[in-house]
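Let me begin by presenting the structure, written as structure tokens, before commenting on it.
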Amino acid sequence: MLKIGNKKGLSDVVTTLIIILLSLVAVGIVWVVVNNLISGGTEDINLGQFTIDVDFVSASVNGNNITMTVKRTSGQGNMSSLKFIISDGSNSEEFTEEQSLIALQTKTFTVTLASLSPANVKTASVAPVYRSSSGEDVTGEVTDTYDFGTGSGSGNNGNENGGTGDPDTGMCGDLIIQNPNGDSPAINEQCDGTNWGTVTGCADIPGFIGGTLSCDSGCQFDTSLCNQGTPETPVSCDGAWSPPEDAGVECDGTPLPNGCSASCMCEQGFTEDGFGGCSLNPAINEGTINTVWNSIYFDSNNLPKSEVTMSGYTNNAYYVNFSNSPETACFQITFADYVVDTDISYLRLSDALGFPNIATGENYHVWEAQSCGL
């Protein structure tokens, strides 16, 4: 027969076991909750949102389009895309570009406004979008804001001088000067965005003494707003051709004939005629456009197949106009080169007058004269 004392001891053991089991279950539940919190926190840390920084290099408003060039600084993190926020101070539009940037890479993006008025746009902001360890995209904080009023961003890295890179590497727009770069076809870059190398202004470009120098979208110096140097005006430059004139006087008349400068020298592309005037030199080359790309480049089998001759087109700032074409303007040549591998030469035109309206099969004429003989 089981004694009453033995029953009480058995009951205590069972109670203790139940308490232990309940404690284990409770610990398990707590661990699941804590583990989820730790995993979520780890995922946030893996986003690397404190090491990725994207800064504005430049931004501009063109009609309803906002064109923005941004650069990612050094740092770790898995970026999946970029978000741009365009604001007029009261309202904003957001745009997500499904492109990422690697460290120190620069890219240009263009977005089209849908509701904001371009005239009222004040700022553009950029924020990196991160790819979490679970594969989800999470938008980070804004890393830079461009103020269209001041023409600058708030970041510190947007206008870094990228220096000079190795030949056959990089691209026009990466803020690194390469000669040639890795574009197709390759381009010998004179500048790249805000990176001008050792050049500081017009006075550093042969033939110019001042003015406003800029780097155009093709990584060539735009000297259209630079001032050309002029020789000292001779004493006999008096508006009348009366030989013997002072040494160096080529033209002198009333009014000054076409091509005769105020210093009584014939301008580039003109030759003295011996009677106080200047005669236009004929076009130095003409032919048919083979292909056009990026709106400002064209090549032709009729261009000289010589690196030396083509470099002269650039150094002397020759000009081009077109026939059997809707384009009637005269464009300065900002770069010219002969590509040995393809056995063809090409020209790069200034976009200071806008992009030339040219096409394959149209005829071109290269002039020394700034007026293209017009």
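The values are calculated or read from the model by the stated rules, or taken from the named source; none is laboratory data. If you're wondering where the values come from, they're calculated on a predicted model, not measured in any experiment. No Cβ is skipped: glycine too gets one built from the backbone with ideal geometry, and neighbour counts run over all protein chains shown.
Scanning segment 119-133 for residues that are exposed (fewer than 15 other Cβ atoms within 10 Å of the Cβ) and in contact with a strand residue (DSSP E or B) (Cβ under 9 Å, 6 or more places away or on another chain) returns a single hit, Ala119. Yes or no: Leu82 crowded, with 17+ Cβ neighbours inside 10 Å and part of a loop (DSSP other than H, G, I, E, B)? Against the criterion (crowded, with 17+ Cβ neighbours inside 10 Å and part of a loop (DSSP other than H, G, I, E, B)), Leu82 does not qualify.
Yes/no matrix, rows are residues, columns are (1) touching a Lys or Arg at 6+ places or on another chain (Cβ under 8 Å); (2) buried (at least 18 other Cβ atoms within 10 Å of the Cβ); (3) in a strand (DSSP E or B):
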position	(1), (2), (3)
Val70	yes, yes, yes
Ile86	no, yes, yes
Gly89	yes, no, no
Ala103	yes, no, no
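From the list Thr42, Thr15, Thr108, the one residue that fits, being modelled with pLDDT under 80 and assigned to a strand (DSSP E or B), is Thr108. Entry remark, segment 182-204: residues being free of Cβ contacts under 8 Å to residues at least 24 places away in the same chain and closer than 16 Å to Tyr346 by Cα number 2 in total.
Among the candidates Gly210, Gly248, the residue that is at pLDDT below 85 and touching a strand residue (DSSP E or B) at 6+ places or on another chain (Cβ under 9 Å) is uniquely Gly210. Across segment 278-311, the qualifying residues are those that are of a type outside the set (S, T, N, Q) and out of contact with any Phe, Trp or Tyr (no Cβ under 8 Å at 6 or more places or on another chain), and the one among them that is farthest from Asp341 (Cα to Cα) is Pro282.
When each of Leu353, Leu374 is tested for being closer than 22 Å to Ser217 by Cβ and either charged (D, E, K, R) or touching a residue at least 12 places away in the same chain (Cβ under 8 Å) (or both), the lone residue that passes is Leu353.
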